[in-house]
Amino acid sequence: MNKITVKIKKAILQIIKLLPKNWVNFLVNILYKVKNRLFVKAISSDNGSAAERCNFPIDIVYTWVNSNDLEWVKKKNHYSKKSNGLPNESNVASRFRENEELKYSLRSVLLNAKWVRTIYIVTDNQIPNWYKEFDNRVQFVSHEDIFLNKDDLPTFNSHAIESNLHRIPGLSEHFIYFNDDFFLRAPVEPSDFFSEDGRQTKFFWSEQVFIPEILDEKSVPVDIAARNNVAFLEKNYGHTTNRKFKHTPMALKKSVLEQLELEHPEIFVSNSAARFRSNNDYSIVSALIHHYGYAIKSAIPANISYLYASFDDELLEFKMNLLLLRKFKCFCINDVEVSESALQHVSKTFTEKMELLFPLPSPYEKVYYHEQ
């Protein structure tokens, strides 16, 4: 982040701190509740007929974990005791914490991307407590169904899981990968993510953060993987970059992932074998494949309206109020390490704002009542 951006952010933060936050928050909530009551029937009756038509099938893939599952916790604790020399933050609570993000993300997709064919949710044989089976449009996929080497399981490394997503049975050639903390705030179209003929995927450069030039003992897994990506690209394709990507839904092609794996199976094997994030990881799906695609001209840079916030962001509440007032196409609310007292407050704020943003339960929720 450059110095000018830092100064602007600090200035904005000082101005916001002078505002009566409770009053502003109360006013925004009340206004939005009124809006929801006025337009909820219009939202629920919209059949999406004006949406852009797909020229090819497009699926969505989520990865998800229920950190409140005691059996899963027992497994993680067992294997974490056997893992030494892990990078900083490779096994922190926020990496696995469950805040029901998936429920709200699914609501946002069903509302704003009606053209999506199938939604796959990849888990360690887990199903959310709120989930209700409705039809086969939403399907759960076990890690066991996609990992070639079953000895790599169980895994607690998203890089490992992501390295196997292209093996989902029945997955379409074109798909969009969502972390469960990605949300669609406004209608999106296939052309936001793919070229019209489907030959190229689109990605979104970050203008705020870049790959660090050097690493040290405090380096976090995302930066370690990014540096590994850079070294791999330079060695094998003569491609040099320092660019990172926005935390947005990621457009992917199964054939491009398969091509990279055919050329370099070793990075898929090593990723899959790392139970926790390691110093040898590559962020294949979230970064490397986009750089690779850019180098071979199967991926192109694009733009999308977007907002990012994290649980430790001093502007979190302001940004979530901004989401109520402005329709970015997508946004990310990233769960990161915060104190226990702060976590209670931000979790409450997160849930409160999500219920205002996406008030209609999906048909895949147990609380859903179908209106005739």
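Multiply the residue separation of GLN344 and ARG199 by 0.36 nm, subtract the distance between their alpha-carbon atoms, and state the gained length in nm to one decimal.
Working: separation 145, 0.36 × 145 = 52.20 nm, distance 4.53 nm.
Taking 0.36 nm per residue and subtracting the Cα distance, the gain is 47.7 nm.
Under the Karplus relation 6.51 cos²θ - 1.76 cosθ + 1.60, θ = phi - 60°, what is the ordered set of whole-Hz ³J(HN,Hα) values for segment 154-160, x standing for Gly and Pro?
x, 10, 10, 10, 5, 4, 5
Long-range amide H contacts for GLU365: which residues qualify at under 5 Å (H placed 1.01 Å from N, peptide plane, sequence gap of 5 or more or a different chain)?
Result for GLU365 returns LYS132.
Could you list ILE161, ILE300 so that the one with the fewest beta carbons within 10 Å of its beta carbon is first and the one with the most is last? Could the numbers behind the result be given before it?
Values: ILE161 23, ILE300 15.
In order of increasing Cβ crowding within 10 Å: ILE300, ILE161.
Provide the per-residue ³J(HN,Hα) series for segment 315-321, in order, calculated from phi with Karplus coefficients 6.51, -1.76, 1.60 and θ = phi - 60°, each as a whole number of Hz, with x at glycine and proline positions.
Per residue, the Karplus-derived 3J(HN,Hα) values read 9, 3, 5, 4, 5, 6, 5 Hz.
Under 5 Å between amide hydrogens, which residues at least 5 positions from VAL138 or on another chain qualify, with H placed 1.01 Å from N in the peptide plane?
Correct list: ILE119.
Check which residues have an amide H placed less than 5 Å from LEU307's amide H, if you skip close sequence neighbours.
Amide H to amide H, under 5 Å and 5 or more residues apart or across chains, LEU307 pairs with CYS330, PHE331, CYS332.
State, to one decimal in nm, how far the label point of ILE211 lies from the label point of GLU100, with both points 7 Å from Cα in the Cβ direction.
Taking the two extended label points, one gets 4.0 nm.
What is the sum of charges, Lys and Arg at +1 and Asp and Glu at -1, for the other residues whose Cβ falls under 12 Å from the Cβ of SER305?
Details: positive: ARG185, LYS246, ARG326, LYS327, LYS329; negative: ASP192.
Every neighbour counted, the sum reads +4.
Quick one: net charge around ILE211, please, counting Lys, Arg +1 and Asp, Glu -1 for every other residue with C-beta under 15 Å from its C-beta.
Working: positive: ARG227, ARG243, LYS244, LYS246; negative: GLU207, GLU213, ASP216, ASP223, GLU234, ASP281.
Local charge sum for ILE211: -2.
FYI, it's all coordinate maths here, none of it is from the lab. All of these numbers come straight from a predicted model, not from anything done at the bench. Quick reminder, even Gly has a Cβ in these numbers, built from the backbone with ideal geometry, and neighbours come from all protein chains shown.
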